[in-house]
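To start, the structure itself, in structure tokens.
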Amino acid sequence: MQLTEKELEIVEILEQDARTKIVDIAKMVNISVNEAEALIKKLEESNVIVQYSSIVDWSKISGHEGVTAMIDVKVTPKRGVGFDEIAERIYRFKEVKALYLMSGAYDLSVIVEGKSMNEVANFVSQKLSTLDSVLSTTTHFILKKYKHDGTIFEQGEKDKRIVVSP
Amino acid sequence: MKQTKTYLSKTVEELKPSGIRRFFDLAAGMEGVISLGVGEPDFVTSWSVREAAILSLEQGYTSYTANAGLLELREEIAAYMENSFGLQYSASNEMIVTVGASQALDIALRAVIDPGDEVIVIEPSFVSYIPLVNLAGGKGVTVQTKKENDFKVTPAELEEVITHRTKAIILCSPNNPTGTMLNEQDLKSIASVAKKHDLVIIADEIYAELSYDEKFVSFAAIEEMRERTILISGFSKGFAMTGWRLGFVCAPKELTEAMLKIHQYAMMCAPTMAQFAAIEALRHGNEDVNEMRKSYRRRRNYFVQSLNEIGLECHTPGGAFYAFPSIERTGLTSEQFAERLLVEEKVAVVPGNVFGQSGEGHIRCSYASSMEQLQESIKRMKRFLEREF
Ligand SMILES: Cc1ncc(COP(=O)(O)O)c(C=O)c1O
């Protein structure tokens, strides 16, 4: 799908801050509010903008810290559907936060979140590795999140400029 | 007290302290101020550029460079000027790497001014021009541009102040403080005046990377102008590198050699680690510059439209990161307006009169601030205007 320059700008603005108001977006890209509304609607309907959500640092919330694991999965693709069928079987689990088909040493990268290591381990041993097409799994637990989806978790940088300058 | 005064040179004694200084002192002591008074990018220099400087330090590049700067950097600058602006300058004898555009301005003026020579400064203007002309022994002659002309100078306005002592004109496009960018036609009309009176043009193109609607055209690209142009640019604005103190000047060989004489005695060379950083900025910084430009453009669109909505009439500036709205309808002078806005609503702007007589009735607002800050400042200015006027 080919986007116009204005549409592309709107996507970029909303990706940076999904809460930017439509009136402000309209001003930023120099179009009317109605036009902005229509373009955003179009982008939403065509699933270019899939969803608006927040990036939450769960590690800050006591009792909800949770664990995240990245699991490398080797599978046997099926004739006719390739990896899509097994991928769908895996991503339907609500524990699975992300799923990517990879090039290289393994096939699927599965990001799983759980309350504890135990919960994730159970998911892997009982749900994931028991699937017919799954040949092997390698589980890596994430120890600390520094940056997620382009956002740095500990924003240390303040404005260091002097208040008035030539 | 009286005695020490006699130590000072007349020229320095007569220099006026910048009006910006006073506003800095006023704003610096206050809490919760949103500053639109900052004349520099709100971006931190890209990490890849910072990292290149760190690497140069780790490798021990801590000595002087050639007077004109690292040849490797000058070659990158030559390629950059060619690719971005279609200009050809020899890396070996037509450019000098300087300590910011500021030092480039200084050596350019000192290279061409004899005592008593006149240099035309187009106001509203960057605050350093006239003092630097004075320090070089020259006399600054101002031209007042008009809001109705988007603060563009006309050939007639130039002709009016040209005398047999006129040596040079300082041009600044995109402009600080008005944001006005001169297009090819504007430059051509100035070029004809320069040619007619055989003047040097000192073209301060430090904001060249930050043009939002039309493609930036360098004065040196205008037919027959290269030979009389001293082109000043640098890394401060487009590459968000103000603190590195790195700029450059390009000019025909003879002028460059003259400037290099001053530079070699007064400065030796620009900071070495900053030069290494600049090499990286030119080699791999293009995408970052594009991203920053896009971000400024959006903020400009938002901010200028919002100013007009709250009743501060403002032309759309084609470049830099300044809006220069009129505050005439309030009946206040720009100093009064800026001071009251600061005290009553804690928004710092720079009163237009510090940029020259024709800046009176305006304020300079830098939109190199986060969207949240811009939104909040608009809210506060609206409240201020509704309450008082
Ligand atoms: C028009 C203009 N010229 C020159 C400079 C100085 O730039 P530098 O940091 O490269 O010395 C500035 C900085 O504010 C400027 O606005």
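Read-outs: derived from the displayed coordinates by stated rules, not from any lab. Keep in mind that this is a model prediction, so the values were computed, not measured. Positions of Cβ are generated from backbone atoms using ideal geometry, with glycine treated the same way; all protein chains shown enter the neighbour counts.
When 1/r is averaged over all different Cα pairs and the result inverted, which Kirkwood radius in Å belongs to the stretch B:273-377?
That comes to 15.2 Å for the stretch B:273-377.
Take each of the peptides B:142-152, B:9-19, B:205-215, average the number of other beta-carbon atoms within 10 Å over its residues, and list them starting from the highest.
So the peptides B:142-152, B:9-19, B:205-215, ranked by packing, come out B:205-215, B:142-152, B:9-19.
Going by how many other beta carbons lie within 10 Å of each one, how would you line up B:Leu231, B:Leu135, fewest first?
B:Leu135, B:Leu231
What percent do you get for the relative contact order of the stretch B:47-284 when only Cα pairs under 8 Å and 6+ apart count?
30 percent
Grab the other residues whose beta carbon is less than 14 angstrom from that of A:Glu37, score K and R as +1, D and E as -1, and report the net.
Spelling it out: positives minus negatives among the neighbours equals 0.
With a point put 7 Å past each Cα toward its Cβ, work out how far A:Glu119 is from A:Lys74 in nm, to one decimal.
That separation, rounded to one decimal, is 3.0 nm.
For the stretch A:48-115, give the magnitude of the charge dipole about the Cα centre (Cβ charges: +1 Lys/Arg, -1 Asp/Glu; no others), in debye to the nearest 20.
Rounded to the nearest 20 debye, it is 160 debye.
With springs only between Cα atoms under 10 Å apart, run a GNM on chain B and tell me which of B:Glu257, B:Glu280, B:Glu224 wobbles the most.
B:Glu224
Once you've got the Cα coordinates, tell me which of A:Lys160/B:Lys152; B:Lys147/B:Lys294; B:Lys346/B:Lys382; B:Lys147/B:Lys382; A:Lys158/B:Lys346 are over 24 Å apart.
Listed pairs above 24 Å: A:Lys160/B:Lys152; B:Lys147/B:Lys294.
Take every Cα-Cα pair in the stretch B:58-118 and report what % of them are more than 19 Å apart.
Of all Cα-Cα pairs in the stretch B:58-118, 46 percent lie more than 19 Å apart.
Please average, across the residues of B:298-311, the number of beta carbons from any other chain that are within 10 Å of each residue's own beta carbon, and give a whole number.
3
Report, by chain and number, residues whose modeled amide H sits under 5 Å from the one on B:Ser35, excluding near sequence neighbours (fewer than 5 apart, same chain).
Residues meeting the criterion, in which the H sits 1.01 Å from N, are B:Ala348.
Fewest Cβ neighbours within 10 Å first, please rank A:Tyr106, B:Tyr322 accordingly.
Ranking A:Tyr106, B:Tyr322 by Cβ neighbours within 10 Å, fewest first, gives A:Tyr106, B:Tyr322.
Apply the Karplus parameterisation 6.51 cos²θ - 1.76 cosθ + 1.60, with θ equal to phi minus 60°, to every residue of the stretch A:16-25 and state each ³J(HN,Hα) to the nearest whole Hz, in sequence, with x for glycine and proline.
Going residue by residue, I get 6, 8, 5, 8, 4, 6, 4, 4, 6, 4 Hz, with x marking Gly and Pro.
List, in the order given, every pair from A:Lys27/A:Lys147; A:Lys74/A:Lys115; A:Lys6/A:Lys97; A:Lys27/B:Lys379; A:Lys97/A:Lys127; A:Lys60/A:Lys145 whose Cα-Cα distance in the structure shown is over 20 Å.
Those over the limit are A:Lys27/A:Lys147; A:Lys74/A:Lys115; A:Lys6/A:Lys97.
Just the number: Rg to Rh for the protein assembly as shown, Cα atoms, Kirkwood Rh, two decimals.
1.06
Under unit Cβ charges (Lys, Arg +1; Asp, Glu -1), what dipole magnitude, rounded to 20 debye, does chain A have relative to its Cα centre?
Taking the Cα centre of chain A as origin, the dipole is about 420 debye.
Using a Gaussian network model on chain B with a 10 Å cutoff between Cα atoms, which of B:Ala156, B:Ala281, B:Ala66 fluctuates the most?
B:Ala156
Can you give the log10 of the normalised intensity I(q)/I(0) at q = 0.14, 0.16, 0.18, 0.22 Å⁻¹, computed with Debye over equal Cα scatterers of the stretch B:5-135?
Cα-only, vacuum Debye calculation for the stretch B:5-135: -1.05, -1.20, -1.25, -1.31.
For the stretch B:79-157, how big is the tail of P(r) above 19 Å, as a whole percent of Cα pairs?
In whole percent, the long-distance tail amounts to 54.
Over the residues of the stretch A:5-45, compute the C-alpha Rg and express it relative to 2.2 N^0.38 Å.
Cα Rg divided by the expected 2.2 N^0.38 Å: 0.97.
Which length gain, in nm to one decimal place, applies between B:Leu57 and B:Asn290 when the Cα-Cα distance is subtracted from 0.36 nm times their residue separation?
Here the segment from B:Leu57 to B:Asn290 would lengthen by 81.1 nm.
Which of rounded, prolate or oblate describes the stretch A:58-144 when judged by the alpha-carbon gyration tensor and an a/c cut-off of 1.5?
Cα axes put the stretch A:58-144 in the prolate bin.
Roughly how many Å is it from the Cα centre of the stretch A:120-152 to that of the stretch B:1-78, as a whole number?
Centre-to-centre (Cα) distance: 50 Å.
Working from the pairwise distances between different alpha carbons, so that the mean of 1/r is found and then inverted, what is the stretch B:315-389's Kirkwood radius in Å?
Taking the inverse mean of 1/r over all distinct Cα pairs, the stretch B:315-389 comes out at 12.6 Å.
Taking R0 as 35 Å, what FRET efficiency do you get between B:Arg21 and A:Lys145 from their Cβ-Cβ distance, rounded to the nearest 0.05?
After rounding, the FRET efficiency stands at 0.20.
Find how many whole Å separate the alpha carbon centroid of the stretch B:255-272 from the alpha carbon centroid of the stretch A:105-119.
61 Å
What number results when the radius of gyration of chain B, computed over Cα atoms, is divided by 2.2 N^0.38 Å?
For chain B, the normalised Cα radius of gyration comes out at 0.98.
Charges on Cβ only, +1 for Lys and Arg, -1 for Asp and Glu, centred on the Cα centroid of the stretch B:1-151; of B:Phe151, B:Ala28, B:Gly86, which one is farthest towards the dipole's positive end?
Highest projection toward the positive end goes to B:Ala28.
What share of the DSSP beta bridges in chain B is antiparallel, in percent to the nearest 5?
So the antiparallel bridges in chain B amount to around 40 percent.
Given the options A:Thr137, A:Phe123, A:Tyr106, identify the residue whose Cα lies farthest towards the positive end of the charge dipole of the stretch A:58-144 (+1 on Cβ of Lys, Arg; -1 on Cβ of Asp, Glu).
My answer, from the dipole projection, is A:Phe123.
Order of A:44-52, B:67-75, B:271-279 by packing, highest average Cβ count within 10 Å first?
Top to bottom by mean Cβ count within 10 Å: B:271-279, B:67-75, A:44-52.
Please give the average number of partner chain Cβ atoms lying within 10 Å of the Cβ of each residue in B:36-45, rounded to a whole number.
If you average over the peptide's residues, the count of other-chain Cβ atoms is 3.
I need A:Ile55, B:Ile162 ordered by Cβ neighbour count within 10 Å, fewest first.
Starting with the residue having the fewest Cβ neighbours, the order is A:Ile55, B:Ile162.
Would you mind pulling out the separation of the Cα centroids of the stretch B:92-113 and the stretch A:1-76, in Å?
47 Å
About the Cα centre, and with charges only on the beta carbon of Lys, Arg (+1) and Asp, Glu (-1), how big is the dipole of the stretch B:47-284? Nearest 20 debye, please.
Dipole size: approximately 400 debye.
State, to one decimal in nm², a quarter of the convex hull surface area for the C-alpha atoms of chain A, i.e. the direction-averaged projected area.
Mean orientational projected area (chain A, Cα hull): 15.1 nm².
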